[in-house]
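Let me begin by presenting the structure, written as structure tokens, before commenting on it.
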Amino acid sequence: MNMRKNITNLVGALALLVCGTSNATLLTLGDDDSVNVSLGFTFNFFGINYTDIHVGSNGYITFGAGDTDFSESVNEMLGAPPRIAGTWDDLNPSSAGTVDATGDATQMTVSWSSVPEFFSTGNNNFSITLNDSDEIWIDIGAMTLTDGLVGISDGLGGADPGETDFSSGGGSYSNTVTRYERFTSGDFDLANTSIHFGPSSVPEPSSLALLGLGLAGFTLLRRKKKA
């Protein structure tokens with residue numbers, strides 16, 4: 001693992017979030033929508049190489065196929081398609097806020113900025129970063145939602161591994177194991193949290209310092225239920 005490169009990439013991603021850099025690509029997403037985005041590198045997710053991702057308006061990216069499901073559940077998380085849920089909930093970027101992608105030949109960051117829930121005026125800010133070392137960062141900032149689902153899944157429909165408490169697990173996990181945390185109304189506790197998935201489950205020494213930078217940056221962001 002190239003720690004210096006990974007730290008550089010993460011700091012760059014946080015700076016992009018804070019500054020709203022002009023080279024970010026705005027993703028035009030309706031309610032319950034998905035769009036395909038090409039990566040500038042090959043990303044291996046649960047043993048399969050991908051050169052593109054599908055960004056869903058409801059707070060996740062999927063691999064191999066798009067998804068527009070707004071009703072987060074454990075069964076759907078475990079089933080196809082393979083998924084990274086930044087914060088899966090019934091979000092509506094067509095009402096307010098933005099979803100954008102910023103990438104180069106080594107990393108891609110997808111950011112949901114000031115996106116409300118459906119039928120809500122709330123404000124939810126988080127991002128998913130992938131890099132060419134097959135690492136994943138879920139950075140969650142200021143949130144008004146109180147439920148949702150966060151984690152990664154191979155999409156193979158296997159047995160439920162049970163929930164992981166990301167708020168107390170050290171911040172770093174293997175990228176080869178399905179992990180998730182499901183929140184029901186009122187118990188979402190991952191605002192201002194950074195979660196890392198990588199080839200090694202050992203936390204990087206600089207993760208806490210970078211988390212502090214990320215949380216400060218989120219305060220500066222420009223940043224349904226169906227009837």
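The values are calculated or read from the model by the stated rules, or taken from the named source; none is laboratory data. Keep in mind the model is a prediction, meaning the values are calculated, not measured. Note that we place each Cβ from the backbone using ideal geometry, even for glycine, and neighbour counts take in every protein chain shown.
What to note about this one:
- Cβ pairs under 6 Å, 6+ apart, first in segment 159-173 and farther than 11 Å from residue 197 by Cα, second among the β-branched types (Val, Ile, Thr) and modelled with pLDDT of 95 or more: 161/178; 166/195
- Some residue of segment 155-164 being surrounded by 20 or more Cβ atoms within 10 Å (Cβ to Cβ) and outside any loop (DSSP other than H, G, I, E, B): no
- Filter pass, residue 86 being more than 21 Å from residue 49 (Cβ to Cβ) and either out of contact with any strand residue (DSSP E or B) (no Cβ under 8 Å at 6 or more places or on another chain) or of a type in the set (Phe, Trp, Tyr) (or both): no
- The requirement of being in contact with a Phe, Trp or Tyr (Cβ under 9 Å, 6 or more places away or on another chain) and part of a strand (DSSP E or B) is not satisfied by residue 102.
Listed here are the residues, each with its yes/no results for (1) part of a loop (DSSP other than H, G, I, E, B); (2) at pLDDT 95 or above; (3) surrounded by 24 or more Cβ atoms within 10 Å (Cβ to Cβ); (4) not aromatic (Phe, Trp, Tyr).
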residue	(1), (2), (3), (4)
81	yes, yes, no, yes
86	no, yes, yes, yes
114	no, yes, no, yes
119	yes, no, no, no
128	no, yes, yes, yes
134	yes, yes, no, yes
144	yes, yes, no, yes
180	no, yes, no, no
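- Evaluation of residue 71 against (1) farther than 28 Å from residue 41 by Cβ; (2) assigned to a loop (DSSP other than H, G, I, E, B); (3) modelled with pLDDT of 95 or more (one fails), failing number: (3)
- Some residue of segment 10-21 being hydroxyl-bearing (Ser, Thr, Tyr), at pLDDT 50 or above and either part of a helix (DSSP H, G or I) or farther than 11 Å from residue 131 by Cβ (or both): no
- Residue check for residue 139: of a type in the set (D, E, K, R) and closer than 19 Å to residue 57 by Cα: yes
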